[in-house]
1. Based on this model, can you work out whether Pro136 counts as more than 24 Å from Thr9 (Cβ to Cβ) and surrounded by fewer than 21 Cβ atoms within 10 Å (Cβ to Cβ)?
2. Checking Thr111 against (1) on the phi > 0 side of the Ramachandran plot; (2) of a type outside the set (A, V, I, L, M); (3) in contact (Cβ under 8 Å) with a residue 40 or more places away in the chain, only one condition comes out false. Which one?
3. Do we find a residue being over 18 Å from Asn116 (Cα atoms), out of contact with any helix residue (DSSP H, G or I) (no Cβ under 9 Å at 6 or more places or on another chain) and modelled with pLDDT under 95 anywhere in segment 5-20?
4. With the checklist (1) buried (at least 19 other Cβ atoms within 10 Å of the Cβ); (2) in contact (Cβ under 8 Å) with a residue 60 or more places away in the chain in hand, flag the one item Asp118 doesn't pass.
5. Please go through segment 38-63 and pick out each residue that is farther than 16 Å from Asp118 by Cα and touching a Leu at 6+ places or on another chain (Cβ under 6 Å).
6. Being more than 15 Å from Met156 (Cβ to Cβ) and among the small types (Gly, Ala, Ser) is the filter; apply it to segment 199-243 and report the residue that is most open to solvent (accessible area, probe 1.4 Å).
7. Answer yes or no: is there a residue in segment 48-57 that is within 22 Å of the chain's Cα centre (by Cα) and on the phi > 0 side of the Ramachandran plot.
Amino acid sequence: MKGRVSEFTLADLERELAAASDPERARNLAWFFKTGKGQYGEGDEFCGITVPVQRKIARRYRHLRLTDVKKLLKSRVHEHRFTGLEILVFQYEAGDARARQKIFDFYLENTQRINNWDLVDTSAPYVVGQHLLSRPRRILYRLAKSPDLWERRIAMVSTMAFIAQNDLEDTFAVAALLLNDKHDLIHKAIGWMLREAGKRSQIALLAFLKRNYARMPRTALRYSIERLPEARRKRALKGNLGV
C-alpha cells in the first residue's frame, strides 16, 4: 500500500476490509441483522468488521471519488456499504456548498443500497438532515410516503439533525405521518426520534403523545417515554398524558 493518503485506492480499501474480516463475527451479525428468508435483511452478507474499525478505515479513504463510493454501495457485503456511507459523511462534513449538494443528490439517488437500519442511522442525519437544516424539507414527506422501508426510516431519522438545533416541528410531523406504518423498525425510529425531541421539550412530546395516543404503536410509545420519570412513564402507558 502506498504511503500517502491521497494515493490510497478503492482496491487498497477493499484489501483493508478483507484483512479486518472475522468469519465468526460475520455469522453473528448475519443473525443480528435478520438476514434469513422473509426477514428485513434477507440476503445481506457480512464479513464481520466492527463499526470503529470501519470508521477508521473510512476516514483514511475519505478522498475517494463518488464513483468509487458507488461501487462500495453496490457491494453485496454490508460492511462495504457501511464504509462507503461513512466516507460520504466525512466528505459532506468537509465539503463546500457545491460538494455538499452533489453528495446529497448522490445519497438520494442511491437509497436502494442504504438498505438496513444501521446504514440509515449512520448516514441520514449527517447527510440528509444536515443538508435540509436551511432548505425546504418537502423531500422528507415524499420519503415518508415511500413504499420502501428504508426510505421511510431515512425520513424519520434525518430529523435528528433538526432536533439538535431545537427545531422539532418536522420531527413531530413526520412521526405523525408514519404512525400507521406496519413495520417495527419504523415504530422504533419514531419512538427514538420522539424521545430525542422530548429531551429538548418534554411539554411538546407529551402534547404530541396526548394527541396521538390512540394510534401510537406500542413500541413507539415505549421508546418515546424512556427518559420520563418512572411515575410519569407508567401514567403515559395508560394514556394519562396531562402536560
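The values are calculated or read from the model by the stated rules, or taken from the named source; none is laboratory data. For clarity, every value in this text was computed on a predicted model and none was experimentally measured. Reconstructed Cβ throughout: ideal geometry from the backbone, glycine too, with neighbour counts over all protein chains shown. Heavy atoms of the whole protein, side chains included, go into the accessibility calculation; ligands, DNA and RNA do not. Shrake-Rupley method; radii C 1.70, N 1.55, O 1.52, S 1.80 Å.
1. On the way: more than 24 Å from Thr9 (Cβ to Cβ): yes; surrounded by fewer than 21 Cβ atoms within 10 Å (Cβ to Cβ): yes.
Judged against the criteria, Pro136 is a match.
2. Here Thr111 meets the rest and fails (1).
3. The answer is yes, given that some residue of segment 5-20 is over 18 Å from Asn116 (Cα atoms), out of contact with any helix residue (DSSP H, G or I) (no Cβ under 9 Å at 6 or more places or on another chain) and modelled with pLDDT under 95.
4. (1)
5. Answer for segment 38-63, where residues must be farther than 16 Å from Asp118 by Cα and touching a Leu at 6+ places or on another chain (Cβ under 6 Å): just Tyr61.
6. My answer is Ala214.
7. We begin by selecting, within segment 48-57, every residue within 22 Å of the chain's Cα centre (by Cα); these are 48-57.
With on the phi > 0 side of the Ramachandran plot added as a condition, the list becomes 48.
Among the residues of segment 48-57, at least one is within 22 Å of the chain's Cα centre (by Cα) and on the phi > 0 side of the Ramachandran plot, which makes the answer yes.
Okay, residues lined up against (1) without any contact (Cβ under 8 Å) to a residue 40 or more places away in the chain; (2) open to solvent by 80 Å² or more (accessible area, probe 1.4 Å); (3) assigned to a helix (DSSP H, G or I):
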| site | (1), (2), (3) |
| --- | --- |
| Arg15 | yes, yes, yes |
| Glu24 | yes, yes, yes |
| Leu29 | no, no, yes |
| Tyr40 | no, no, no |
| Ile49 | yes, no, no |
| Gln54 | yes, no, yes |
| Ile57 | no, no, yes |
| Arg62 | yes, yes, no |
| Thr67 | yes, yes, yes |
